[in-house]
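To keep things clear, I will list the structure first and then write my remarks on it.
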Amino acid sequence: MGFEGVVDLRSDTVTRPTEAMRQAMAAAPVGDDRYGEDPTVNRLEERYAELVGKPAAMYVPSGTMANQIALRLHGTAGSNVVVGRRQHVVAYESGAAGLSGAFQMHAVDDAGGLVNIDAVAEVVAAGQGGFWPPVSLICVENTHLASGGLAVEADSLASVAALGVPVHLDGARLFNAAVARGDTVAELARSATTVMSCVSKGLGAPVGSLLAGPDDLVAKARLHRRQMGGAMRQAGVIAAGGLYALDHHIERLAEDHHRAERLGEVVAELWPGARLGADQANDGANRAANKAATGRSFTNVVAFRHTDGPALLEHLGRSGIRAGLLAPGIVRLVTHLDVDDADIARAVAALASFAG
Ligand SMILES: Cc1ncc(COP(=O)(O)O)c(C=O)c1O
């Protein structure tokens with residue numbers, strides 16, 4: 001089902017709206033959202049707030065804007081914002097955190113999928129004791145991209161929140177986490193003060209993310225959105241794609257996970273031990289042990305170490321398969337709405353024919 005013969009596994013952001021989604025978008029009632037008068041945007045915001053179990057939500061153009069607004073809401077001057085060192089908010093947002101406030105980012109190890117709880121507790125205690133700057137916010141990510149799209153259990157987030165500091169959950173792919181784990185997104189977001197999710201990724205809408213939280217914070221978030229130039233007008237046209245995705249594309253995420261599992265098996269055969277997150281996931285040899293411990297599982301991302309990523313990408317490209325690099329030496333393959341079983345078979349054959 002790839003476009004123009006190309007199977008694009010670089011990211012789940014590459015999907016095109018389906019015909020039915022386009023029709024929903026074309027038919028959407030709209031108004032001026034800057035005045036709060038776009039009925040479709042309002043419906044999308046209410047729907048997301050309800051799904052994640054928070055009082056209010058706001059629609060923004062991108063996940064990056066949602067994360068950066070969360071930093072502006074919570075991060076006080078002279079404080080520490082604690083974050084996993086490979087999380088999107090600190091590693092992949094072009095240094096925006098440094099522009100979002102007079103706080104500093106304190107990055108801790110996130111090899112275990114969320115954040116190292118002992119490391120976070122140390123920073124919080126040092127702040128409370130007046131040794132280090134006070135901690136104004138802890139950021140976590142689920143699914144955790146740098147662990148290969150690992151879906152992390154709600155208890156981990158609860159332990160972080162128990163430290164008594166506001167928590168922002170980057171749930172760009174929280175719906176993938178919920179489907180993979182069999183939890184609701186509300187369960188996975190319960191301990192977070194604010195949570196954001198993207199409808200533009202695995203859910204397949206063309207544009208947009210949502211930031212949810214308490215009424216007062218979302219009201220302030222609207223001011224930040226305006227300052228950042230993110231207040232839109234007849235945004236119902238694009239928000240309708242998000243609503244359609246929430247109605248029709250959540251359960252089908254399981255298909256993406258299943259296809260990623262197939263790619264993961266092939267990667268494990270070709271490059272044993274190279275897959276990120278494999279020690280954590282309810283997968284392969286770890287299935288029984290981790291199922292009992294956490295039920296952590298992979299979702300729609302296969303990330304693995306490879307000594308010559310560019311050569312592998314070039315080889316795949318010659319077979320019409322596009323893959324991406326997450327970092328130097330880390331290849332990633334992401335399944336999504338526009339990838340079907342035949343595409344996976346092509347990708348598997350192309351991977352297997354790489355001699356390196
Ligand atoms: C975990 C995570 N958070 C945030 C974002 C940012 O989303 P956007 O690309 O819409 O700015 C991404 C995008 O890939 C992501 O993977």
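Structure summary
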read-out: Complete set of residues in the range 29-64 that are buried (at least 23 other Cβ atoms within 10 Å of the Cβ) and either of a type outside the set (Asp, Glu) or within 16 Å of the ligand (Cβ to nearest atom) (or both); value: Thr40, Val41, Leu44, Tyr48, Val52, Lys54, Ala57, Met58, Tyr59, Val60, Gly63
read-out: Selection from the range 85-114 of residues that are in a loop (DSSP other than H, G, I, E, B), in contact with a Ser or Thr (Cβ under 9 Å, 6 or more places away or on another chain), within 14 Å of the ligand (Cβ to nearest atom) and of a type outside the set (Lys, Arg); value: Tyr92, Glu93, Ser94, Asp110, Gly113, Leu114
read-out: Close pairs from the range 117-139: first under 15 Å from Gly84 (Cα atoms) and free of Cβ contacts under 8 Å to residues at least 40 places away in the same chain, partner assigned to a strand (DSSP E or B) and of a type in the set (A, V, I, L, M), Cβ under 7 Å, at least 6 apart; value: Ala119/Val108
read-out: Contacts under 8 angstrom Cβ, first residue in the range 45-66 being farther than 18 Å from Ala177 by Cα, partner of a type in the set (Lys, Arg) and within 16 Å of the ligand (Cβ to nearest atom), 6 or more apart; value: Met58/Arg225; Val60/Arg225; Met65/Arg225
read-out: Of the criteria (1) within 14 Å of the ligand (Cβ to nearest atom); (2) at pLDDT below 95, which one Val199 fails; value: (2)
read-out: Subset of the range 228-256 that is away from the ligand (no atom under 16 Å from the Cβ) and of a type in the set (A, V, I, L, M) - its residue that is surrounded by the most Cβ atoms within 10 Å (Cβ to Cβ); value: Ala240
read-out: Verdict on Ser209 being within 24 Å of Tyr92 (Cβ to Cβ) and at pLDDT below 95; value: no
read-out: Residue count for the range 314-356, restricted to those that are part of a strand (DSSP E or B) and either surrounded by fewer than 17 Cβ atoms within 10 Å (Cβ to Cβ) or not hydrophobic (A, V, I, L, M, F, W, C) (or both); value: 5
read-out: From the options Ala311, Ala260, residue that is assigned to a helix (DSSP H, G or I), within 19 Å of the chain's Cα centre (by Cα) and at pLDDT 95 or above; value: Ala260
read-out: Within the range 308-326, tally of residues that are free of Cβ contacts under 8 Å to residues at least 24 places away in the same chain and either touching a strand residue (DSSP E or B) at 6+ places or on another chain (Cβ under 8 Å) or under 20 Å from Ala111 (Cα atoms) (or both); value: 4
read-out: Test: residue in the range 84-104 that is in contact (Cβ under 8 Å) with a residue 12 or more places away in the chain, surrounded by 22 or more Cβ atoms within 10 Å (Cβ to Cβ) and in contact with a Phe, Trp or Tyr (Cβ under 8 Å, 6 or more places away or on another chain); value: no
read-out: Number of the condition not met by Val6 [criteria: (1) closer than 24 Å to Val301 by Cα; (2) within 12 Å of the ligand (Cβ to nearest atom)]; value: (2)
read-out: Subset tally (residues that are assigned to a loop (DSSP other than H, G, I, E, B), touching a Leu at 6+ places or on another chain (Cβ under 8 Å) and away from the ligand (no atom under 11 Å from the Cβ)) for the range 154-183; value: 2
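Residue by residue, here is whether (1) touching a helix residue (DSSP H, G or I) at 6+ places or on another chain (Cβ under 9 Å); (2) assigned to a strand (DSSP E or B); (3) closer than 30 Å to Phe131 by Cβ; (4) at pLDDT 95 or above holds:
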residue	(1), (2), (3), (4)
Ala49	yes, no, no, yes
Lys54	yes, no, no, yes
Met58	yes, yes, no, yes
Ala66	yes, no, no, yes
Leu71	yes, no, yes, yes
Ala77	no, no, yes, yes
Val83	yes, yes, yes, yes
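Residues checked against (1) buried (at least 23 other Cβ atoms within 10 Å of the Cβ); (2) in a strand (DSSP E or B):
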| position | (1), (2) |
| --- | --- |
| Ala192 | yes, no |
| Val195 | yes, yes |
| Lys220 | no, no |
| Leu223 | no, no |
| Arg226 | no, no |
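The values are calculated or read from the model by the stated rules, or taken from the named source; none is laboratory data. Here the structure is a predicted model, which means the values were calculated and not measured. Quick reminder, even Gly has a Cβ in these numbers, built from the backbone with ideal geometry, and neighbours come from all protein chains shown.
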